[in-house]
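Presented below is the structure to which this report refers.
Taken together, the values in this text are just the output of simple stated rules run on the coordinates, not laboratory data. For clarity, every value in this text was computed on a predicted model and none was experimentally measured. Positions of Cβ are backbone-derived with ideal geometry, glycine not excepted, and every protein chain shown enters the neighbour counts.
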Amino acid sequence: MGEESGKYKGTKGPRGNSGLGRLRRAAGGGRGAERVGGIERRLEDDTFLEKMAPVRKASHTGEGLLAKFNRLAAEVPPEAAVAEALDGEVCGFPGALVAVRGADAREIPCQVRAGLKKRIAGVRNPLAVGDRVRWRDEPGGAVIVAVKPRTNQLSRADSHNRALIHVLAANVDAIVIVSSLAEPTLKPAFIDRYMILARACDVPAMVVINKADLGDASRVVEIYRALDLPVYTTSATRADDPEVARLRADLVGRSSVFAGQSGVGKSSLVNTLYPGLGARVGDVDASGLGRHTTTAARSWLVAGGGRVIDTPGIRECGIAGLTALDVALLYPDLARYQGACHFTDCTHVHEPGCAVAEAVEKGDIAFSRYDSYCAIVRDDLALGG
């Protein structure tokens, strides 16, 4: 029998539009287009990927939801334009209300106009910290009457309902991915998942390895600095830590989201960076997995300019709205081998002639990075073989 096609190689049936071959056919290549090999195919694929970058990005669920949010936000109700409506920014969620920071930095607890609460299907939270809004005083209290379009949003699959998207924050300049070297155990997969979220949303990422005094962080630092990421090794309980000072300097003037696994010392780091904020902190529980001490995202204005957003620690970070090809291309260390694989729509999980798998065997790609990629494809995208 001849060579298996890219569609059915080692699978139990046809896949979704997860591969480069299908993307090429959708762009007009045709199902009967001749397949080529060697350097010719690699050069062809490199050119094609560059050409199709805007198309792939526009297909992401997160990008689609952002566009829909902005379209609806532009439909400002007439009453929101009256002189009594003021500009503000969502900075927290106290109870059933939304905290809005006004132009004078005062925080106002607001209700949300009913029409704004459920405008977009598929999103858990209609408003997120960082949203720019219009609010006004009414007889029953302050009310948000309109929301302005977002420049970007950081979102992940909701922990309780994978069919929903949870928007972590909006209108941000950077995400600080906090992990710990120990207590709880370092989980590179968490770092990688947050990196995927950041890269998919075009938000610059920084990596912090906290509790660096509990072991040797050199290997994990090497892995992520090789990806051209800023990496900091901190001890959050030490105010005189030079790495804390370096991170603080790099965050000046930015709207920065702090995110990470429960128990890694994320809120302690925020408090050390900016004394007096009062971000809630807690100890690691007996399971070693960490406790959820920040229960909702919260932002503060900080000295030197900018704002910091502390998000709840989580035990899983789901990826949604991406194909296997999207994810592979968001891993820069894997993406450079995409054009060298035997199959143009290789998922790098089980196909023969996979250049990524060969690079892992040679040590050119860190196994932890490949392992986290396979977990996303297998568990989040349900494409594992």
Note to self: Suppose the chain between residue 84 and residue 228 were pulled fully straight at 0.36 nm per residue; how much longer would it get relative to their current alpha carbon spacing?
What the structure shows: 47.1 nm
Notebook entry, point to check: Rounded to two decimals, what is Rg over Rh for the range 295-385 when you use alpha-carbon atoms and the Kirkwood radius?
Noted result: 1.15
Check: With a sphere of radius 11 Å drawn around the Cβ of residue 212, what net charge do the other residues whose Cβ falls strictly inside it have (Lys, Arg +1; Asp, Glu -1)?
Finding: -2
Checklist line | Placed amide H near residue 108: partners under 5 Å, 5+ positions off or other chain | finding: 100, 101, 102
Item checked: Whole-angstrom gap from the range 216-239 to the range 323-350, using each part's C-alpha centre -> 26 Å
Checklist line | Average silhouette area of the range 172-310, convex hull of alpha-carbon atoms, in square nanometres | finding: 7.7 nm²
Next item on the list: With a cut-off of at most 15 other beta carbons within 10 Å, and DSSP calling the residue loop, which trypsin sites (Lys or Arg not before Pro) in the range 195-239 qualify? Please list them.
Entry: 238
